[in-house]
1. Which one of Ala106, Ala161, Ala145 is modelled with pLDDT under 75 and either within 16 Å of Arg37 (Cβ to Cβ) or aliphatic (A, V, I, L, M) (or both)?
2. Would you mind telling me which numbered condition in (1) modelled with pLDDT of 85 or more; (2) within 18 Å of the chain's Cα centre (by Cα) Gly113 fails?
3. With acidic (Asp, Glu), more than 24 Å from Val42 (Cα to Cα) and either surrounded by 21 or more Cβ atoms within 10 Å (Cβ to Cβ) or modelled with pLDDT under 80 (or both) as the only criterion, which of Asp188, Asp138 stands out?
4. Go through the residues of segment 174-183 one by one and say whether even a single one is modelled with pLDDT under 90, part of a helix (DSSP H, G or I), within 18 Å of Val19 (Cβ to Cβ) and not polar (S, T, N, Q).
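The values are calculated or read from the model by the stated rules, or taken from the named source; none is laboratory data. No experiment lies behind these values; they were computed from the predicted model shown. Glycine also receives a Cβ, built like all others from the backbone with ideal geometry; neighbour counts cover every protein chain displayed.
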Amino acid sequence: MPTLPTLALFAAATLALLVVPGPAVLYIVTRSVAQGRSAGLVSVLGVHAGSLVHIAAAAFGITAVLAASATAFTVVKYLGAAYLVYLGVRKLTHRPESESAEVKAASSRRVFGEGFVVNVLNPKTAMFFLAFLPQFVDPARGPVAAQVLVLGAVWVALGMASDGTYALLASVLAGRLRSSARARRRLDRGSGVVYLGLGAAAALTGESAKA
């Protein structure tokens, strides 16, 4: 199982990524602004029900890659680090649209279902589990699948707290959260810096593992 220092580092990295607004956060904020706190919190539940799909896929996928080849596992880790850097550069150079779309009210069931689909198809979440999570898996510590499940549980717990905070704040400050190109540009810049930092950390983690 992961050590306490590993879990602490993973939690810090997870929070750094979770606070970066991606498709799931944008969906949650949009629903919270359009329909209020309850809809926002239901969307959080739907999003993290979708996270369970990524956790299961990572638990079995990473195990399969490691079983096939230790070299392949290392390649996956470095490709993940490179992809994080790519996302960071893309965020820093991205120019947001000037207008935001209106969102119609929906039932709680539909809000939950849409949140689930948004996160199952969320490249940010998939990238995290396929590119960054493997940096914290150590085959010498026990079954890889069990380690991924533990790390995934940490992700869900922190994600519920982070996204729940977004939902509550968005519902309270709905009148002040009308999107602007300047505000989204600042978010993109912050997101880019975080992705670049995570990519560098992933690459350095890979190097230290070889030492």
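1. Every option except Ala106 fails the conditions.
2. Checking Gly113 against (1) modelled with pLDDT of 85 or more; (2) within 18 Å of the chain's Cα centre (by Cα), the one that fails is (2).
3. From the options Asp188, Asp138, the qualifying one is Asp188.
4. yes
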